[in-house]
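Right, one structure below, let's go through it.
The values are calculated or read from the model by the stated rules, or taken from the named source; none is laboratory data. Worth saying up front: this structure is predicted, and the values here are computed from it rather than measured. Cβ placement follows ideal geometry from the backbone for every residue including glycine, while neighbour counts extend to all protein chains displayed. Note: accessible area is taken over every heavy atom of the protein model, side chains too, but ligands, DNA and RNA are not part of it. Shrake-Rupley method; radii C 1.70, N 1.55, O 1.52, S 1.80 Å.
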Amino acid sequence: LDAGGWNSARRSLEPGVVTVQAATLEVDTPALSHIQEVAQADFGSVFISANGNVTYHTRTHFAGATGQAVFGGGSTELPFVDIQPAYNDEYLWNVAKITRDATGAVTQESEDTGSVDDNWRRTFPFTGPFSNDNEALNLAEWVVDAYAAISPRVDSLTVLPRSDTDLW
């Protein structure tokens, strides 16, 4: 962000979980591309918040977070019109092969054999700017721990915010 000229007062950045290699941006490399590559290596999210700050959340940002709203049909719940639940293997990765983007790097692998037995082998491959192979192994283990089981999720939820403005 410094090299891109972004004002330090306009940042809200959590320290990353992984350590990445130092980099010098080439003249033709957009700063945004590099920032997104670093966020992806950490499984984090980078975005511009509503107040205009560059914001970075690590992969653990929402772990243990308390929900901010409950949707449903009850009197204290926020109403919704439609929900699209999903329960499939779209985000099932029971093997992760993570490689540091460097000469001589060794691909680090983690596997959940029980999940492979139950769901076949589903591999998540990734190469990133990790500072060392141990950082790549840590990510491989985290991916398998987080994604080796099928979990229900909500693909979309449709609300009508103008139907009762007192709720919002």
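Listed values, structure above:
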| item | result |
| --- | --- |
| Residue within the range 39-50 that is of a type outside the set (Phe, Trp, Tyr), touching a residue at least 40 places away in the same chain (Cβ under 8 Å) and either in contact with a His (Cβ under 7 Å, 6 or more places away or on another chain) or open to solvent by 50 Å² or more (accessible area, probe 1.4 Å) (or both) present | yes |
| Identity of the residue in the range 123-163, part of a loop (DSSP other than H, G, I, E, B) and out of contact with any Leu (no Cβ under 8 Å at 6 or more places or on another chain), that ends up surrounded by the most Cβ atoms within 10 Å (Cβ to Cβ) | Pro129 |
| The range 55-99, residues that are open to solvent by less than 40 Å² (accessible area, probe 1.4 Å), over 30 Å from Glu111 (Cα atoms) and at pLDDT 95 or above | Thr55 |
| Glu141 being acidic (Asp, Glu), at pLDDT 95 or above, more than 30 Å from Ile83 (Cβ to Cβ) and under 19 Å from the mean Cα position of the chain (by Cα) | yes |
| Residue tally, condition among the aliphatic types (A, V, I, L, M) and assigned to a loop (DSSP other than H, G, I, E, B), over the range 104-122 | 2 |
| For Thr58: the one exception among (1) farther than 22 Å from Trp142 by Cβ; (2) touching a Phe, Trp or Tyr at 6+ places or on another chain (Cβ under 9 Å) | (1) |
